[in-house]
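Notes follow once the structure below has been shown.
The values are calculated or read from the model by the stated rules, or taken from the named source; none is laboratory data. In this text the structure is predicted, and so the values were computed from the model without any measurement. Positions of Cβ are backbone-derived with ideal geometry, glycine not excepted, and every protein chain shown enters the neighbour counts. Heads up: the accessible areas ignore ligands, DNA and RNA and are worked out on the full protein's heavy atoms, side chains in. Shrake-Rupley method; radii C 1.70, N 1.55, O 1.52, S 1.80 Å.
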Amino acid sequence: MTPAAYERLQIRIPLAIAAAGAWVAMAAMSHERKLVAFCSSDVWTALSLDRFALAITFYSPASLAGEWMLMVAAMMMPTLAGAMGHVRARSLPHRRKRSLALFIIGYGATWGACSIPIVFAMLALQLLQLSPVATIALVGSLILIWQFSPAKQACLNRCHDQPPLAAHGIAADLAALGYGVTQAIWCCGTCWALMLVPFTAQDGHLLAMAATSAYLIAERLDQPRRPAWEIRWPSTVARLLWFRLSVWRRPENTGRVAA
Amino acid sequence: MLVRKNVWELGGDWADPILWYARAVGALKSKPLADRTSWRFWAGMHGYDQGLWEFYGYKAAHEKLPAKADFDEFWQQCQHGSWYFLPWHRGYLIGFEKLIRATVVSLKGPADWTLPYWNYFKTGQNGLPPAFGSPDWPDGKGNNPLFVEQRWGPDPSKPGKVFVPLKAVNLDAMGVHEFTGVASGGDRGFGGIDTGFEHSGTKHGDIESQPHDQVHGLVGGEKMFPKASPRPLPGLMSTPVTAGLDPIFWLHHANIDRLWQSWRLSDHRNTDPEESSWKKGPASHGKHQFVVPLPDGSPWVYTPQQMSDFAGVGYTYSDFSPAGARPAAVASAAAAPSGAATMTKSTGAAVEVVGASAKALAVAGSGAQTSVPVDARMHAKVAGKMATAVAPGAREERVFLNLENVRGYSDATVLQVYVHFAGKDGAPSAERQVGSIGLFGITKATETDAGHKGDGLSYVLNITKPYQEFAGSANVDLANIGVRLEAVAPVQQSAEVSVGRISVVRQGD
Ligand SMILES: [Cu+2]
């Protein structure tokens with residue numbers, strides 16, 4: 001294994017374990033998960049304050065928030081290797097854990113704040129009382145518009161930022177925290193639209209989440225590009241699969257340079 | 001066997017191989033831009049920038065670029081800042097040499113033409129070979145295709161006087177015994193970092209960051225064009241987006257390519273990567289495959305594995321000694337391992353920050369300086385390790401200076417780097433040069449393709465020797481290490497060159 005690949009594993013293995021834990025927890029709780037139910041439940045079919053109050057008491061905000069954070073952890077952890085590797089590499093060794101913890105706190109808190117507009121958007125959607133087909137059409141076009149927008153690409157590009165980080169004293173703590181916050185902002189901007197997919201999928205919610213998560217990882221493999229209105233899909237993954245398949249199909253090209 | 005020879009030793013300024021090169025370059029320059037076998041198509045394969053190409057007259061505003069399919073397949077492929085740097089450029093040179101040879105033959109020249117190399121390290125050979133510096137052909141007629149107006153050299157007060165100042169370059173990379181290293185601040189390895197699925201470009205490997213980058217900027221130089229831009233504009237060689245347009249580019253890269261093989265021959269530890277992700281190239285990560293057109297225009301796809309098989313590449317060099325000395329120091333690859341214990345691979349080595357500067361450092365004019373606060377515990381650790389002998393099989397303790405997030409708009413800039421130990425209680429201060437950095441590629445890394453602020457480039461310099469020299473000294477202040485950057489040519493304020501952070505990093509057990 002190359003030295004650089006080994007270094008990446010130092011971050012990727014713990015992240016993969018943590019993400020796997022989050023996925024297992026989500027799967028285990030899937031029958032009693034309330035966030036999706038909350039967002040798509042039919043308490044909203046008739047708008048009334050009583051029913052809203054009932055819903056709020058029925059679905060405790062704390063457990064909703066917990067579920068949201070679990071979902072963020074499961075879906076976002078696999079995308080954090082680059083940023084967390086950067087924090088680790090740029091910190092004094094005895095501060096590494098602390099800096100990584102501060103990064104996670106900043107990142108998590110920002111995602112927590114992002115949940116509010118997303119949940120309200122889902123509620124608003126419920127209040128519109130559309131037919132399932134109309135809901136899918138509306139959410140689908142919202143997702144597509146965002147995916148192909150320059151703003152989305154600008155956010156995605158910034159997910160790769162690795163700025164200078166202070167190493168000593170309080171400045172180091174603030175730098176790690178601040179990097180977590182800014183990474184989460186660009187990450188929310190990149191992911192929010194696609195994260196609506198699992199919410200609208202009432203059956204096979206976990207599967208939809210996994211597919212979305214895979215797509216979000218694939219998106220990050222592409223080179224940053226100039227933000228523009230354009231149809232985009234994760235082409236690196238497509239080429240990767242094609243390469244793996246064609247290696248499997250034909251003998252390896254080990255020939256010498258033709259004279 | 002085709003032998004690439006030293007350009008200074010061909011037997012005259014306009015020896016036959018140079019004359020034929022000039023004729024072929026002339027023929028290729030007259031071909032349309034979009035032709036796969038034209039001079040400019042080949043330069044575009046390395047890099048392209050519409051503004052600079054048009055400003056310097058290498059593309060007319062109305063002129064068509066290659067069709068999208070050709071553009072996507074062949075253009076802007078150059079691999080910088082990854083462990084694919086050497087193999088990509090080797091194939092690029094092979095394709096180029098074939099094209100020039102085919103052109104030479106079509107002009108009734110010799111069928112064994114080879115690309116000469118420019119070994120600026122050899123005594124008396126750091127000047128630009130004269131045939132490249134004269135606007136005239138040997139008969140005095142003035143359209144020598146080897147001459148390039150936008151090649152200003154290292155001293156802006158003497159534009160056009162082109163040479164490589166030897167104080168700004170070194171062959172330290174030849175003493176590194178691993179092809180690939182770490183991304184976190186330790187040694188990056190002779191050939192560069194395995195970037196995996198991550199995006200590459202900001203961390204050049206050892207041979208790429210010295211002397212490759214410096215020679216680009218020192219030869220190309222830069223010039224102010226106040227009417228066109230408030231910032232200095234780079235000479236062709238100074239930036240990846242125009243470098244391939246300069247005929248000297250190919251001789252510089254032939255030397256870098258030669259140094260790769262010199263490195264492999266000079267020590268039994270110096271071997272190319274065995275990982276299949278290196279051998280198969282970036283295509284194995286879903287990225288672009290290596291491909292160049294052959295003289296008939298058909299694409300030739302190649303892999304690092306093919307480039308690593310030197311016996312199979314179809315050419316060799318007249319001399320493999322790095323600096324062109326008598327080859328006494330160069331042991332054969334088959335020679336028995338030298339007495340030194342095999343160094344443990346740096347996979348799994350500890351790479352740890354020892355100290356880092358708090359603020360960004362702006363670099364303008366003749367340079368800049370700052371000091372890097374060092375963590376007392378980390379210093380004690382390093383000093384302790386340095387004070388004891390390395391156990392057999394253990395890693396030696398090494399210390400590196402990192403210049404991180406270097407940004408700006410002056411690709412030609414070369415900065416000499418010094419570390420400074422301030423004297424205590426009236427003892428004298430001491431300063432040691434630890435190498436230099438060349439900002440080749442900085443503009444693109446600052447203002448990325450994505451059109452937003454990039455993170456810039458990061459550099460690693462080995463400072464083990466001076467650190468070891470002073471680590472145990474009671475006469476110098478070790479709570480702070482001074483760092484001084486001295487510009488070879490004045491850095492324009494408008495170029496906004498800055499270093500985001502400077503850190504000291506240890507690598508060892
Ligand atoms: Cu180059």
Note to self: Past the 48 angstrom mark, what percentage of all C-alpha to C-alpha distances in the protein assembly as shown do you count?
What the structure shows: 24 percent
Item checked: Rounded to whole Å, sorted largest first: equivalent-ellipsoid semi-axes of the range B:9-160, Cα gyration tensor -> 25, 19, 19
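How much of the accessible area of the range A:3-232, in percent, comes from carbon and sulfur atoms when a 1.4 Å probe is used? Walk me through the intermediate numbers first.
Numbers: 7640 of 10510 Å².
Ligands and nucleic acids excluded, carbon and sulfur reach 73 percent.
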Checklist line | Under-5 Å amide H pairs with B:G189, H placed in peptide plane, nonlocal only | finding: B:G181, B:V182, B:D206
Margin query: As an exercise, take the mean of 1/r over every pair of distinct alpha carbons in the range B:408-509, invert it, and state the Kirkwood radius in angstroms.
Written below: 15.4 Å
Note to self: More than 25 angstrom separation, counting every C-alpha pair in the range A:116-236; what % is that?
What the structure shows: 35 percent
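When ligands, DNA and RNA are left out and all protein chains stay put, how many square angstrom of accessible area per residue does the range B:350-508 have with a 1.4 Å probe? Present the calculation step by step, with values, prior to reporting the outcome.
Working: 5910 Å² over 159 residues.
Value for the range B:350-508: 37 Å² per residue.
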Margin query: For the range B:2-317, what does the relative contact order come out to in percent, with C-alpha contacts under 8 Å and a separation of six or more?
Written below: 23 percent
Checklist line | Between A and B, accessible area buried - total, square angstrom, nearest 100, 1.4 angstrom probe | finding: 4300 Å²
Next item on the list: Taking every Cα atom in the range B:2-317, find the radius of gyration and the maximum pairwise distance Dmax, and write them in Å.
Entry: 18.7, 55
Notebook entry, point to check: Which of B:H216, B:G44, B:Q150 sits farthest toward the positive end of the charge dipole of chain B, with +1 on the Cβ of Lys and Arg and -1 on the Cβ of Asp and Glu?
Noted result: B:Q150
Notebook entry, point to check: Can you give the convex hull volume of the alpha carbon atoms of the range B:23-113 per residue, in Å³?
Noted result: 104 Å³
Check: At a 1.4 Å probe, which residues in the range B:483-503 are at least 30 Å² less accessible with all protein chains present than in their chain isolated?
Finding: B:R501
Margin query: Using a 7 Å offset from the Cα along the Cα-to-Cβ direction at both A:I217 and B:T388, what is the distance between the two label points in nm, to one decimal?
Written below: 4.2 nm
Check: For the residue pair B:K31 and B:R269, what label-to-label distance in nm results when each label sits 7 Å from Cα along the Cα-to-beta-carbon direction?
Finding: 4.5 nm
Checklist line | Length added when fully stretched, A:A65-A:M29, from 0.36 nm per residue minus Cα-Cα | finding: 11.5 nm
Next item on the list: Hey, for a label at A:A20 modelled as a point 7 Å past Cα toward Cβ, could you say which residues of the range A:69-92 have their backbone N under 20 Å away?
Entry: A:70-82, A:85
Checklist line | Long-range HN-HN contacts of B:L2 with modeled amide H, under 5 Å | finding: B:T316
Note to self: At R0 = 45 Å, how high is the FRET efficiency between B:V291 and B:R377 if r is their beta carbon distance? Nearest 0.05 is fine.
What the structure shows: 0.30
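Percent of accessible area on the range B:350-508 owned by carbon and sulfur, 1.4 Å probe? Intermediate values should be presented prior to the final figure.
On the way: 2950 of 5910 Å².
The value for the range B:350-508 is 50 percent carbon and sulfur by accessible area.
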Next item on the list: Translational diffusion coefficient, Stokes-Einstein: compute it for the range A:3-232 using the Kirkwood radius over C-alpha pairs as Rh, at 20 °C and 1.002 mPa s, and state it as an integer in µm² s⁻¹.
Entry: 113 µm²/s
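Using a probe radius of 1.4 Å on heavy atoms only, what accessible surface per residue do you get for the range A:3-232? Whole Å² is fine.
Working: 10510 Å² over 230 residues.
For the range A:3-232, the per-residue accessible area is 46 Å².
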Margin query: Need one number: nm distance between label points at B:Q468 and A:H94, each 7 Å from Cα along Cα→Cβ, rounded to one decimal.
Written below: 2.7 nm
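Multiplying the sequence separation of B:D13 and B:S318 by 0.36 nm and subtracting their Cα-Cα distance, what value in nm do you get?
Values: separation 305, 0.36 × 305 = 109.80 nm, distance 1.82 nm.
Working it through step by step, the gained length comes to 108.0 nm.
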Notebook entry, point to check: For the range B:2-317, what % of the accessible area comes from carbon and sulfur atoms, probe 1.4 Å?
Noted result: 55 percent
Margin query: Taking R0 as 51 Å, what FRET efficiency do you get between B:D112 and A:M1 from their Cβ-Cβ distance, rounded to the nearest 0.05?
Written below: 0.75
Next item on the list: Work out which residues of the range A:89-127 lose at minimum 30 square angstrom of accessible surface when the other protein chains are put back, relative to the chain isolated, with a 1.4 angstrom probe, and list them by number.
Entry: A:A89, A:R90, A:L92, A:P93, A:H94, A:R96
Check: Are there residues in the range B:350-369 whose accessible area shrinks by at least 50 Å² when all protein chains are included rather than the chain by itself, and which are they (probe 1.4 Å, ligands and nucleic acids not counted)?
Finding: B:V353
Margin query: Using Stokes-Einstein with the Kirkwood hydrodynamic radius over Cα pairs, what translational diffusion coefficient do you get for the range B:357-418 at 25 °C and a viscosity of 0.890 mPa s, in µm²/s rounded to a whole number?
Written below: 163 µm²/s
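Could you compute the FRET efficiency for B:S298 and B:K453, with r as their C-beta to C-beta distance and R0 at 30 Å, rounded to 0.05? Intermediate values should be presented prior to the final figure.
On the way: r = 41 Å, r/R0 = 1.36.
Using R0 = 30 Å, I get an efficiency of 0.15.
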Checklist line | Phi-based couplings in Hz for the range B:36-51 (Karplus 6.51, -1.76, 1.60; Gly and Pro marked x) | finding: 4, 10, 8, 4, 6, 4, 5, 5, x, 5, 7, x, 8, 9, 4, x
